[in-house]
1. Can you find a residue that is buried (at least 18 other Cβ atoms within 10 Å of the Cβ) and in contact with a Pro (Cβ under 8 Å, 6 or more places away or on another chain) anywhere in the stretch 101-124?
2. Given the condition surrounded by 17 or more Cβ atoms within 10 Å (Cβ to Cβ), within 15 Å of the ligand (Cβ to nearest atom) and among the small types (G, A, S), answer yes or no: does some residue in the stretch 276-291 qualify?
3. Please indicate, with yes or no, whether at least one residue in the stretch 272-293 is among the charged types (D, E, K, R) and in a helix (DSSP H, G or I).
4. Hey, can you tell me all the residues within the stretch 150-195 that are more than 16 Å from the ligand (Cβ to nearest atom) and β-branched (V, I, T)?
5. Of all residues in the stretch 126-146, which are touching a Phe, Trp or Tyr at 6+ places or on another chain (Cβ under 8 Å) and either among the hydroxyl-bearing types (S, T, Y) or within 9 Å of the ligand (Cβ to nearest atom) (or both)?
6. Anything in the stretch 226-247 that is out of contact with any Phe, Trp or Tyr (no Cβ under 9 Å at 6 or more places or on another chain), surrounded by fewer than 21 Cβ atoms within 10 Å (Cβ to Cβ) and either among the acidic types (D, E) or not in a helix (DSSP H, G or I) (or both)? List them, or say none.
7. Given P12, P3, P69, which one is over 23 Å from the mean Cα position of the chain (by Cα), part of a loop (DSSP other than H, G, I, E, B) and surrounded by fewer than 13 Cβ atoms within 10 Å (Cβ to Cβ)?
8. Output the residues belonging to the stretch 312-335 that are of a type in the set (K, R) and farther than 28 Å from T45 by Cα.
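Throughout, read-outs are computed from the coordinates displayed, never taken from laboratory work. Note that this is a predicted model, so its numbers are computed, not measured. Because the Cβ atoms are built from the backbone with ideal geometry, glycine has one as well, and the counts that use them run over all protein chains shown.
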Amino acid sequence: MNPYPCVMSVTPRPPVTMVKGQGSWLYDADGRAYLDFIQGWAVNTLGHAPAVVAEALKAQATRLLNAGPAFFNGPMIELADRLCRLSGLDQVCFANSGAETNEAAIKLARKYGQHRGAFQIITTHNSFHGRTLAAMSASGKPQWEPLFEPKVPGFVKVPFDDVEAIEREINERTVAVMVEPIQGEGGVIVPGADYLRRLRELTERYGLLLILDEIQTGVGRTGTMFAFQQFGIRPDIVTLAKGLGGGVPIGAMLARKEVCCFEAGDQGGTFAGNALNSAVACAVLDEVSQPGFLNRVRETGHYLQSRLERLAQEHRLGGVRGRGLLCAIETPAGNSIEIQAEAFAAGLLLNAPRPHCLRLMPALNVTVDEIDEMALRLGRVLEAQRALA
Ligand SMILES: *Cc1c(COP(=O)(O)O)cnc(C)c1O
């Protein structure tokens, strides 16, 4: 039930109003505190209201908000330089959200293949690439299949973590393969250790582009700046959003120069590359690039996984999986949605991307004490669930 009839209902929302946040804690209008292991769907890289973001916003807001996309601005140039240096890719095209960034990647790939009549992009079942029509069409979410027909044509779907299945679908119309290095919304599905390397070999052999959707895995989430760096490969196109803005909306498509074939007018957006959000993204990258920061993400990630494994043993849950601070735990009884609701009532925010798993994506600077507190609260919820069963 929606208590605010002027707010269009597009997702179920509990009847509380969030008013402030600090670090790993989110507070509602009644003063209730929630330990936040969702963090706005993995966007609050540094937690709620981090000082560095507030300072960057204030400093940039008093100088220049938006000169318009048809001018260079300082933070835009600075952010593009940093993203290229950090990723080893050559050029950056900005956007405002993940879906829009993937849209840019799809367009770039189609333009790249146009001279030889190639436009098909191979994507994977249970993938999530966003909610614009093309990004929905690229996604492998079964619930979306009947929605908003007709879809954008030109996407072929195969099982995730199956290189042979991709090879079988390649033909003269194929231009690219697009995957998430770890499927996020699909339930934190980590592929085999050689999947991305073999995908890179395959796409090179057939002259296809490899597009990595790192909107969820990028900017330190999995313990390295980009997840692809753990696999020793260089993709052709990488898309970022979520964590890049640390809470403000920004997206960035990174590409190798050989692929950069957009001409004037092909791509753009009124807000793309605006000074305000670019300045914030620079501040976020500053923090994540601090010596020891990513090492800490890996350490706290291991700690989080070990605490979840202990809970899994105590409460007969299934496996724990993930990388860095993107984790999931299996709920074999198919009751993750109930657990999520009970956890909410107990002041703990977790996400149930599907009935058989819970996903955790805390701030990258989450503390060991906060992980212990999460485990304590989740343990109580699981205990109560068991008493009911
Ligand atoms: C969230 C997400 C998107 C969509 O991003 P929006 O900013 O919601 O449009 C795309 N791909 C992946 C992997 C995501 O996790």
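1. yes
2. yes
3. In the first step, residues of the stretch 272-293 are kept if they are among the charged types (D, E, K, R); the result is 286-287.
Cutting the leftovers down to in a helix (DSSP H, G or I) gives us 286-287.
There is at least one residue in the stretch 272-293 that is among the charged types (D, E, K, R) and in a helix (DSSP H, G or I).
4. V156, V158, V163, I166, I170, T174, V175
5. S127, S137, S139
6. G232, I233
7. That would be P3, the only listed residue that is over 23 Å from the mean Cα position of the chain (by Cα), part of a loop (DSSP other than H, G, I, E, B) and surrounded by fewer than 13 Cβ atoms within 10 Å (Cβ to Cβ).
8. Step one: filter the stretch 312-335 for residues of a type in the set (K, R), giving 316, 321, 323.
Correct list: R316 only.
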